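Remarks on the structure that follows.
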């Protein structure tokens, strides 16, 4: 079983975090309205870095997963619901559906390259800063 | 053109024995040499991203994938290609969504990841139970496949010999897992990926060469020889007999996309990389290797249909499990010269190695989970825990061998589907929620794991894979009431919903605690540990 460091050293209550136990009044669009308020409260320091990192990670994950999954869902929907589109002949002599399927292999590869590039560019520097600011290095869990 | 007589057969026998000897030697030489738990469980994080990526790809391309998906591509054309693509998409989603958080928060097993957020024995025990439930069926499928494959390649039909093969391969898999640990199995996986890709590329090139390097010509010939005509190039052959073919197809893809990459033997390789960047790079290599293999498999399987016709393929095995081998054999023409038969032997060896390596990895994942999540306590000395893990490999392996012997003459498809559905309905929701939802509670986690698992276990026996048709596992019985062949369309929402509802219901008590815990681990989850893991 893990003994986790956070149990021994619980984090102090941080009023600046928008995930604090006493949230501000709920709003229909939390990201846009909270954003300014939170930003005004703490402009610099570890909280801001963590927030930026959280936002960068979330954006990267959402975009990447939605694009990959979206393409496949559209492809599958076309296959199942509009078979006539997918069986029409494409320029190469194969049906459109099969072409769209085979194109996914190079597209996957491009997606991987793009993901690596954006992660290195937008997420890694922030992650590095947050890592350096974390006061204690992660206490390795002792024992199983 | 489809028989494996004479030289090819004796070559295969020699190759199989050399592979067994070589891999055993590798396991013994590279196995953990100190009483270091990290070394046994993660391979001391010694692998470069490329090697780690090849090992991940090796873990991911299981024999079930090669044989089953190859068969479906050969017999059903378009539907099989889509299935192969969803396999690839699953690994891509693992890379985009889970790989880095898993690497940051996990240590050895899935139980570690979940317990980091929600500590407690109940969480670990449930995680271990779900791990076993998801992997044991897959192992049975592969082990039973070993008997089938060896019988086919070496040309015997004796039932006792088959059972002997299953037991022998089972013994090997336990030995690999127990002696080699993560390090040994990683090397075997790398070896397997390289041989599988290398031999596959040569065969695919030969097939494309036969058709003048024109994929349209290849597909058109295959469609002509498949007996289905243009139907081969559009959707509908695989689920033609079902009540709702469209929904059935969506359900199957959903199970593969969500379940494929969340199975514990794949995710456990995420913990073995050194830094965030390494895990990302390793996943890039893994996705590239799998994409390449999917292309190779498509060409070889479609080539099999184009060269020898669907009738011959389904005569050899009604589900086309041997299509990949038949395609490779047909690519070399009728008469084998010596280098050709050597090359063909490499293909059969690659498949054999795939079978062995993937069961060994799954055994290791189960054994690690049993030893680390259930048997060991915080004060257990490392040496003892390693002994426990080795014993656990034995404890998992022996029942699996027995089950494989019992199941080898039945249809194995429901077992493979069971694995994927459990991955999609229980493991994927639990991982996604606990890594990304800050209000998720312990009750919610347990409800996700148990709810997802129970819904699969309740629904699956009602599908037509288990009973009701001549191709079912129990062709004589008929208790088929569920209209789809996979349960994912119902069980995946069930898994997600049970977690959601249980979290909302338990929120009043544990909301603040859950969020505080999430806040505590968030920097590590997003940015990684302050010092790169180095064992």
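Values quoted throughout were computed directly from the atomic coordinates according to the rules given, and no laboratory measurement underlies them. Everything quoted here is computed from the prediction, not taken from an experiment. Backbone-built Cβ (ideal geometry, glycine too); neighbour counts: all protein chains shown.
Roughly what % of Cα-Cα distances in chain B sit above 38 Å, to the whole percent?
Counting pairs separated by more than 38 Å, the tail of P(r) holds 24 percent.
Going by how many other Cβ atoms sit within 10 Å of their own, how do B:438, B:183 line up, fewest first?
B:438, B:183
Given the Cα-Cα distance of residue B:338 and residue B:156 and 0.36 nm per residue of separation, how much length would full extension add, in nm?
Full extension from residue B:338 to residue B:156 adds 63.2 nm.
Residues of region A:57-80 with backbone nitrogen within less than 17 Å of a virtual label 7 Å along the Cα-to-Cβ line of residue B:247, please, listed as ranges.
Taking a point 7 Å out along Cα→Cβ of residue B:247, the residues of region A:57-80 whose backbone N falls under 17 Å are A:77, A:80.
7 Å from Cα along Cα→Cβ at both residue A:85 and residue A:114: what's the point-to-point distance in nm?
Once both label points are built, they end up 2.0 nm from each other.
If you average the C-alpha positions of region B:429-469 and of region B:496-524 separately, how far apart do those two centres end up, in angstrom?
18
Could you list B:165, B:421, A:99 in order of exposure, starting from the residue whose Cβ has the fewest other Cβ atoms within 10 Å?
Going from least to most buried by this count: A:99, B:165, B:421.
Computed FRET efficiency, Cβ-Cβ of residue A:133 and residue B:437, R0 30 Å: what is it to the nearest 0.05?
Calculated transfer efficiency: 0.75.
Using a simple spin-label model with points 7 Å from Cα along the Cα→Cβ vector, what separation in nm is obtained for residue B:121 and residue B:311?
For the pair residue B:121/residue B:311, the computed spacing is 6.5 nm.
Averaging sequence separations of C-alpha pairs under 8 Å and six or more residues apart, then dividing by the length of region A:45-133, give the relative contact order as a whole percent.
Here the relative contact order equals 45 percent.
By how many degrees, 0 to 90 and rounded to 10, does the Cα axis of helix B:49-60 deviate from the longest principal axis of chain B?
Computed tilt is about 70 degrees.
From the gyration tensor of the Cα coordinates in the protein assembly as shown, what semi-axes in whole Å does the equivalent ellipsoid have, largest first, with each one equal to sqrt(5λ)?
After diagonalising the Cα gyration tensor, the semi-axes are 41, 29, 24 Å.
For helix B:442-459, report the angle its Cα long axis makes with the longest principal axis of the Cα atoms of chain B; keep it between 0 and 90° and round to the nearest 10°.
Around 30 degrees separate the two axes.
Have a look at region A:45-133 and give its Rg and Dmax from the Cα atoms, expressed in angstrom.
18.9, 60
Please report, to one decimal in angstroms, the Kirkwood hydrodynamic radius of region B:170-321 built from all distinct Cα-Cα pairs.
18.6
Taking just the alpha carbons, could you work out the radius of gyration and Dmax for region B:316-427, both in angstroms?
Values for region B:316-427 (Cα only, Rg and Dmax): 19.6, 64 Å.
For chain B, find the longest principal axis of its Cα atoms and tell me its angle to the long axis of helix B:7-30, 0 to 90°, nearest 10.
The helix B:7-30 is inclined about 20 degrees to chain B.
Classify region B:381-535 as rounded, prolate or oblate, taking a ≥ b ≥ c as the square roots of the eigenvalues of its Cα gyration tensor: rounded when a/c is under 1.5, otherwise prolate if a/b is larger than b/c and oblate if not.
oblate
Starting from 0 in steps of 10 Å, tell me what percent of the Cα-Cα pairs of region B:95-218 lands in each bin.
10, 21, 31, 22, 13, 3, 0
Suppose only helical runs count, i.e. DSSP H with n ≥ 4. What mean residue ellipticity at 222 nm does that imply for chain B under -39500 (n - 2.57) per run, divided by all residues and rounded to the nearest 500 deg cm²/dmol?
-23500 deg cm²/dmol
So how do B:352, B:156 line up by other beta-carbon neighbours within 10 Å, fewest first?
If I rank by nearby Cβ atoms, fewest first, I get B:156, B:352.
Calculate the all-directions average of the projected area of region B:31-185's alpha-carbon convex hull, and give it in nm².
Over every viewing direction, the Cα hull of region B:31-185 projects on average to 11.9 nm².
Please list the equivalent ellipsoid semi-axes of region B:263-314, computed as the square roots of five times the alpha-carbon gyration tensor eigenvalues, in descending order and whole angstrom.
36, 12, 5
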